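A short worksheet on the structure shown next.
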Amino acid sequence: MDEKYHMVNVGRPEDAEWSAVGGGISQFNKQQAGDTNHKSLCLMLHNADNEVVGGIIGSTYWDWLYVDLLWLKEELRGQGYGHQLLTAAEEEARERGAKNAYLDTFSFQAPDFYEQHGYRVFGTLEDFPTGHRRYFMTKEL
């Protein structure tokens, strides 16, 4: 490495450091592929006491939906709430112009759930974590 530069392990970046790197790659991406039209997507499921008991978090950009997280309290699983959350997120994404969706999930999470909703595996990582698989899935909306 050139003597004019040095590397520092900061552990966790400060806002200014995050902005420098994140802003830099965002600007580069915009120059190469155009504006992302990024919008966050967040749907929460609340119980009668207004406690969050599940939800889906993702975003839309470049005409894609990215499902980052989908979670439900254990006692609510298998009752259709996950289906409602995923379906609502996909519908919102379509309204925003998304034509496809993607996500990743682990073998101990919900690959079958996503396959039942039309997602297909396009990549896997073995032993991530050890003894399990990480699946990367996509679906045409």
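The values are calculated or read from the model by the stated rules, or taken from the named source; none is laboratory data. Computed from a predicted model, the values in this text were never measured in an experiment. Here the Cβ positions follow ideal geometry from the backbone for every residue, glycine too, while neighbour counts run over all protein chains shown. Each accessible area value is taken on the protein alone, full model and side chains, heavy atoms only, with ligands, DNA and RNA left out. Shrake-Rupley method; radii C 1.70, N 1.55, O 1.52, S 1.80 Å.
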> Hey, with R₀ at 41 Å, roughly what FRET efficiency would Y5 and I57 work out to, going by the Cβ-Cβ distance, to 0.05?
Replying inline: 0.65
> What is the chain's relative contact order, in percent, from Cα pairs under 8 angstrom and six or more apart in sequence?
Replying inline: 16
>> Using a Cα-Cα cut-off of under 20 Å, which lysines could be cross-linked to K4, ignoring same-chain neighbours fewer than 8 residues away?
In response: none
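Leaving ligands, DNA and RNA out of it, rank W64, W18, W71 by accessible area with a 1.4 Å probe, largest first. Let's see the in-between values first.
On the way: W64 90, W18 170, W71 125 Å².
These residues rank, largest area first, as W18, W71, W64.
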> Distance in nm between label sites at E91 and E140, each 7 Å beyond Cα in the beta-carbon direction?
Replying inline: 2.3
> Any idea of F128's accessible area? Nearest 10 Å², probe 1.4 Å.
Replying inline: 80
>> Computing the accessible area with a 1.4 Å probe over protein heavy atoms, can you report the carbon and sulfur percentage for the stretch 44-110?
In response: 51
> Around V53, which amide H atoms from residues at least 5 apart in sequence, or from another chain, sit under 5 Å from its own amide H, with H modelled in the peptide plane?
Replying inline: L45, H46, N47
>> Once you order the gyration tensor axes a ≥ b ≥ c over the Cα atoms, which shape class does the stretch 50-141 get: rounded for a/c under 1.5, otherwise prolate or oblate by comparing a/b with b/c?
In response: oblate
> Pick from E126, E115, E14: which residue has the top mean-square fluctuation in a GNM of the chain where Cα pairs under 10 Å get a spring?
Replying inline: E14
> Between T36 and F128, what length in nm is gained on full extension when 0.36 nm per residue of separation is reduced by their alpha carbon distance?
Replying inline: 30.1 nm
>> Under 29 Å between alpha carbons, and skipping anything fewer than 8 positions from K99 in its own chain: which lysines qualify?
In response: K30, K39, K139
>> With the crude spin-label approximation of a point 7 Å out along Cα→Cβ, what separation in nm comes out for D68 versus V21?
In response: 1.6
> What are the ³J(HN,Hα) values, in whole Hz, obtained from phi via the Karplus relation 6.51 cos²θ - 1.76 cosθ + 1.60 with θ = phi - 60°, for each residue of the stretch 56-70 in sequence order, with x given for Gly and Pro?
Replying inline: 9, 10, x, 6, 10, 6, 6, 6, 10, 9, 10, 8, 7, 9, 9
>> Spelling out what I want: for every residue of the stretch 41-50, take phi, set θ = phi - 60°, compute 6.51 cos²θ - 1.76 cosθ + 1.60 (Karplus), and round to whole Hz; glycine and proline get x.
In response: 9, 8, 10, 10, 9, 10, 8, 4, 8, 6
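For F108 and M44, what does the FRET efficiency come to when R0 = 22 Å and r is the distance between their Cβ atoms, rounded to the nearest 0.05?
Computed FRET efficiency for F108 and M44: 0.40.
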> Which residue fluctuates the most in the chain, going by a Gaussian network model with Cα springs under 10 Å, if the choices are G131, G55, G123?
Replying inline: G131
>> Whole-Hz ³J(HN,Hα) for each residue in the stretch 98-111, computed from phi via Karplus 6.51 cos²θ - 1.76 cosθ + 1.60 with θ = phi - 60°, x for glycine and proline: what do you get?
In response: 5, 10, 9, 9, 8, 6, 9, 8, 9, 4, 8, 9, 9, x
> Excluding ligands and nucleic acids, what accessible area in Å² is computed for M44 using a 1.4 Å probe, to the nearest 10?
Replying inline: 80
